[in-house]
1. For region B:114-137, what are the residues that are surrounded by fewer than 22 Cβ atoms within 10 Å (Cβ to Cβ) and within 30 Å of A:Gln184 (Cβ to Cβ)?
2. Would you kindly identify the helices (runs of 4 or more DSSP H) lying entirely within region A:264-353 that contain at least 3 residues that are within 14 Å of another protein chain (Cβ to nearest Cβ) and at pLDDT below 90?
3. Residues that are within 14 Å of chain B (Cβ to nearest Cβ) and either under 27 Å from the mean Cα position of the chain (by Cα) or within 16 Å of ligand 2 (Cβ to nearest atom) (or both): does region A:411-428 have at least one?
4. Which numbered condition trips up A:Asn369, out of (1) away from chain B (no Cβ under 13 Å); (2) open to solvent by 30 Å² or more (accessible area, probe 1.4 Å)?
5. Could you grab me the full set of residues in region A:427-441 that are more than 19 Å from A:Gly378 (Cα to Cα) and either touching a helix residue (DSSP H, G or I) at 6+ places or on another chain (Cβ under 7 Å) or more than 12 Å from ligand 1 (Cβ to nearest atom) (or both)?
6. Which condition does B:Asp150 not pass, out of (1) more than 28 Å from B:Asn200 (Cα to Cα); (2) of a type in the set (Asp, Glu); (3) open to solvent by 10 Å² or more (accessible area, probe 1.4 Å); (4) touching a strand residue (DSSP E or B) at 6+ places or on another chain (Cβ under 6 Å), if it passes all the others?
7. Checking the condition outside the structural domain of B:Arg386 (by the TED database) and more than 30 Å from B:Leu104 (Cβ to Cβ), which residue from B:Arg327, B:Arg288 passes?
8. Using the structure shown, decide if A:Lys390 is open to solvent by 40 Å² or more (accessible area, probe 1.4 Å), over 27 Å from A:Gly57 (Cβ atoms), over 20 Å from the mean Cα position of the chain (by Cα) and away from ligand 2 (no atom under 16 Å from the Cβ).
Amino acid sequence: MQFASRKKKLVSNPKTELYTEPLQFYGQPPLENISLSEFEAFAVDRLRLLKTVENSGVSMVKRGDDYKKKLESELKALDFPYREDVEEPEKRRKDHISHFILRLAYCQTEDLRRWFIQQEVDLFRHRFKGLSPKQKLEFLHKNNLQYNTISGEEKEQLKNELLNSSHGVSGVSLEHDFYKVPFQDALDLVRTRKVYLKEGYAYIPQSEIVAIVLNDFRTRLSKALALTARSLPAVHSDERLQPLLNHLSHSYFGQDYSGQKNVGKISLEQIDSLAGKSFPLCMRQLHKALRENHHLRYGGRMQYGLFLKGIGLSLEQALQFWKMEFIQGKVDADKFDKAFAYNIRHMFGKEGKRADYTPYSCMKVILSNPPSQGDYHGCPFRHSDPELLKQKLQFYKVSPSGVNQILELVKGMHYQLACQKYFELTHNVEDSAFSLSHPNQYFIESQKLLGGGKDVKRETETPQRSQENSAAKGPAAAREPAAVESQHLAEMTANLETDFLKTDF
Amino acid sequence: MSSSDYDPACLPDLLPLYYRRLFPFAQYYRWLSYGGVQKSYFQNREFSFTLKDDIYVRYQSFSTQNELEKEMQKMNPYKIDIGAVYSHRPNQHNTVKSGSFQALEKELVFDIDMTDYDDVRSCCSAADICSKCWTLMTIAIRILNRALRDDFGFQHLLWVYSGRRGVHCWVCDEAARKLSAAARSAVAEYLSLVKGGEENVKKIVLTDPIHPFIGESLSVVEDYFTRYALQEQDILGRRESVDKVLALVPEDVRRELQQFFQNERNPEKRWKLIKDQARAKQTTAKKRHFDKEIMLQYCYPRLDINVSKGVNHLLKSPFSVHPKTGRISVPIDLKDLDKFDPFAVPTISLICEELDRLKPEEEQTKSEDSKEKENEKDTAEKRKNRDYKRTSLAKYVKHFDQFLDGLARSWKGELLRKSDLQKEF
Ligand code: SF4
Ligand SMILES: [Zn+2]
């Protein structure tokens, strides 16, 4: 952005003056001149930091002690400002500049923006909470953040409501101030019912002020990213920056399990036995539900359908597979062709915006779109009652001690680790040499162990290489170089079209 | 004349009549133009039609009431859905650079469907409903209506019967229409208590203290629980249903209750035993709420969150016909909520028949009208306005009118306030 294009202008501010605050709102872009190598190094480090933020958020209790420790040590290791750090302008400078570099890389599509904002917000929360009360007030003051407090009278009147609303907020008492803000400014607290709501206003205990600050941070960041996106053409004409930025944004997508290489390697008859041997529990559950009910609702169709595509079902096979099941249920062939076939072709990029969907990662399964009434999708380790999970594991012949180990991990909210434990126990390996992040990865690893590895080829390890490989994929390659980002943009708009279909079934 | 007279095969014959003479276009247009403050508001609104043979046509839009009328009369949709107000006219969305065609505003909507209650009602399943389980919808409306008004401060709530097995709510306040997707999902999650899919038995877990919103909702459920759950659904009568309820209480209590129940068959007394246990097992350190959790699991509204979340999500329009039942999607008057009977909602065949029956009388009026030498279009217009009034649709349109008057007052108030402010300065 600005600072990239103004590179020629040399501004040598005494850094100590610029970076007096331990934490900032990133209101002003840096104006100094930096070298391309520093640019790259900063960007890579921040990306690593944000990935740690993301991964810790999944495998640990957000805001728990482990989480805090993990983030602190990562901040320290990567030379970013961390808690005990008193005054380190160099680190603050790196924080500032690297944030703005990633803005450039992650402003390009809705998906990237959402990911970036989420991680930055989590990081900001962690750092804001680390400030002393005095520093917090200073921060509010310096950034002009003013929130209304309620009068003692009002507090007295709403006494019971206020106290009963702040579960989870330890030590809330009426001695402290309560802020009153439009509910739109405290969505996270509203969502989790951690505040009292009255006539459109949320009453927020002082200890939760971070929520409003974060909301502000999120809004500003999201506006800024939209603005940056508009000025992007200028940046993209810079041939030194563009490849770098593209590379940075691609690394978010990680491994590619879209399965284009395996097409046709699996026959429909194999699916039942594969489901028992090599499917992770989430997919096994969906498969079972589909066979029993001859129907799956939208969320299940997406999660399972994309997984099947990933293990190598072709479009024709997929159509046949789904149709065979559905017409045994309440749907006749005609209705299937009209309503559901569209949905399946859509997954293969043959309808609508022709986006090619990628199979869901564990993270996506665990975090987004939890199952509700009538749904079988989601992650059994995350979304089943522990009692049912226990029965299921027993039914699948997991030893009692194995069951206990798994349930322990679930209790600690380590869902993917629990799943990996299940993998080890059912495949008779002591220590599986991978770290589970994707249902399709589970499948591939299982096939490798069971000797089916020749059939179902393993996908590449690193994002860079998966890019290279996809370039050599033949027909599909024509679309690939247009960058993953446009694919994701298309997915967003494609989603828009399927929304309509979602409720009707 | 009863609904059983409706035959889906006749729909193609009835629809033209319905759209020509009965559909309340004037009110409909008045609603969706929201006072005409923004001219593009109606013009950029997406409509989608479902035509014969399940053909969906998305991204319809109209510049005027007249155009809307003409199109609907031409296409005779089996079902009408309303979508968002977009940045551009939806019927031109292909000509706009991709990415810049965006959904900007829409009413905040809720969809409650009886099929989502299948695990807790024994009278019917799937698409079927009866007057017993309809109580669930009554409870849902009461609870959500209160919360949307008192907690969120919304005032213009249009509740609509979906025509078959559920209800929709359209929150039409300006603030609601402008909510972001994130805000919509926060509101929907605040209002959702029943969590989990088929792999969860216990779908409600309460933490202490009980949030005022849940407290308020519980007191609504209490009004209906004895009659609905204990008597009509008999959840503590038959063996299997008792087991289902007991699966929701902690193990130690479950065993005790099973014992007690051997000597006590009366459902209401059994319920009292459960409540007593909840209170008895309560220590000062840890309160137990399993009685409340049971009440909520059986009666609390089950929202389809995905419908509420998206700004661009489509929802069946009021006054659309349900092709399977033939019933009109009519607004529900909350003043008479407890008396609302889905089976008394008129079907398209009924109101068309009522129209026919009135023919002779109408013939007369017509000739009088023409004597008055009025402009022909005017006459047709007037006649149409009178037409629905002579059918059972009238009282629902009247309620819709009242709702619209309320909306109109809100922006008049807004204008007054603005001019007052100006005077002050
Ligand atoms: S951890 Fe991943 S692979 Fe395992 S069940 Fe959950 S979502 Fe599926
Ligand atoms: Zn019923």
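1. Listed by number, the list holds a single entry, B:Asp116.
2. The helices (runs of 4 or more DSSP H) meeting that bar are A:341-347.
3. Yes, some residue in region A:411-428 is within 14 Å of chain B (Cβ to nearest Cβ) and either under 27 Å from the mean Cα position of the chain (by Cα) or within 16 Å of ligand 2 (Cβ to nearest atom) (or both).
4. (1)
5. Initial filter on region A:427-441 (more than 19 Å from A:Gly378 (Cα to Cα)): A:427-435.
Answer for region A:427-441, where residues must be more than 19 Å from A:Gly378 (Cα to Cα) and either touching a helix residue (DSSP H, G or I) at 6+ places or on another chain (Cβ under 7 Å) or more than 12 Å from ligand 1 (Cβ to nearest atom) (or both): A:His427, A:Asn428, A:Val429, A:Glu430, A:Asp431, A:Ser432, A:Ala433, A:Phe434.
6. Here B:Asp150 meets the rest and fails (4).
7. Exactly one of B:Arg327, B:Arg288 is outside the structural domain of B:Arg386 (by the TED database) and more than 30 Å from B:Leu104 (Cβ to Cβ), namely B:Arg288.
8. No: the conditions fail for A:Lys390.
The values are calculated or read from the model by the stated rules, or taken from the named source; none is laboratory data. Values in this document were obtained by computation on a predicted structure and should not be read as measured data. Cβ: placed from backbone, ideal geometry, glycine included. Neighbour counts: every protein chain shown. These accessible areas exclude ligands, DNA and RNA; they are computed on the full protein's heavy atoms, side chains included. Shrake-Rupley method; radii C 1.70, N 1.55, O 1.52, S 1.80 Å.
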